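Report on the structure given below.
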Amino acid sequence: MSQATNQAQRGSGTVLMLSVVCLAALGLVVVLMFTAVAQAGAKAGTAADLAALAAADAARRLLPGDPCGVAASTAAANAATLTSCNRQGKGGEVVTVEVHVSVSPVGWLPPVTRATSVARAGPPPQPWRGP
């Protein structure tokens, strides 16, 4: 190799390694974001299920309080926010709730989106037949 070719390639390894490190960092951010979205989706689903069950129990007077208030407090206890609460059926015993959970790729970053989940709970249809 001549001296001129050697001088022209000087520092190219540094640029190559810098681009590899940047691509690895970008890949890590993408993996963190997908993980955060999956975790928030699971958390929203769990919070919606628990809020709907608690609200249905309150609607049937098995728990004290307003069903939608009980749903809101149950969602908040599970790090979610109640978005909507609807009562249907005879006496409003069937409750449908919608909750959302904020999604942040890393805990100290502000939320970039939110995961939403809907759940419905109430008594079984009548006449209920056992096994």
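The values are calculated or read from the model by the stated rules, or taken from the named source; none is laboratory data. Keep in mind it's a predicted model, so treat the numbers as computed, not measured. Every residue, glycine among them, receives a Cβ derived from its backbone with ideal geometry; neighbour counts consider all protein chains shown.
Worth pointing out:
- Residue tally, condition under 14 Å from residue 98 (Cβ atoms) and charged (D, E, K, R), over the stretch 32-50: 1
- As for the stretch 20-32, it holds no residue that is buried (at least 17 other Cβ atoms within 10 Å of the Cβ) and in contact (Cβ under 8 Å) with a residue 12 or more places away in the chain.
- In the set (1) part of a helix (DSSP H, G or I); (2) touching a helix residue (DSSP H, G or I) at 6+ places or on another chain (Cβ under 9 Å); (3) aliphatic (A, V, I, L, M); (4) farther than 15 Å from residue 118 by Cβ, residue 48 fails one condition alone, (4).
- Within the stretch 104-123, being among the hydrophobic types (A, V, I, L, M, F, W, C) and at pLDDT 90 or above holds for 115, 118, 119, 121.
- Hits in the stretch 87-122 - residues which are under 20 Å from residue 53 (Cα atoms), touching a strand residue (DSSP E or B) at 6+ places or on another chain (Cβ under 6 Å) and assigned to a loop (DSSP other than H, G, I, E, B): 122
- Inclusion of residue 79 among residues that are aliphatic (A, V, I, L, M), at pLDDT below 95, surrounded by fewer than 17 Cβ atoms within 10 Å (Cβ to Cβ) and at positive phi is warranted.
- Counted residues, the stretch 51-74 - those being under 23 Å from residue 101 (Cα atoms), small (Gly, Ala, Ser) and in contact with a helix residue (DSSP H, G or I) (Cβ under 6 Å, 6 or more places away or on another chain): 4
- Every residue from the stretch 37-64 that is more than 15 Å from residue 94 (Cβ to Cβ) and touching a residue at least 60 places away in the same chain (Cβ under 8 Å): 37, 40, 41, 43, 44, 45, 47
- Positions within the stretch 82-112 being within 20 Å of the chain's Cα centre (by Cα) and loosely packed, with under 14 Cβ neighbours inside 10 Å, in sequence order: 84, 106, 107, 108, 109, 110, 111, 112
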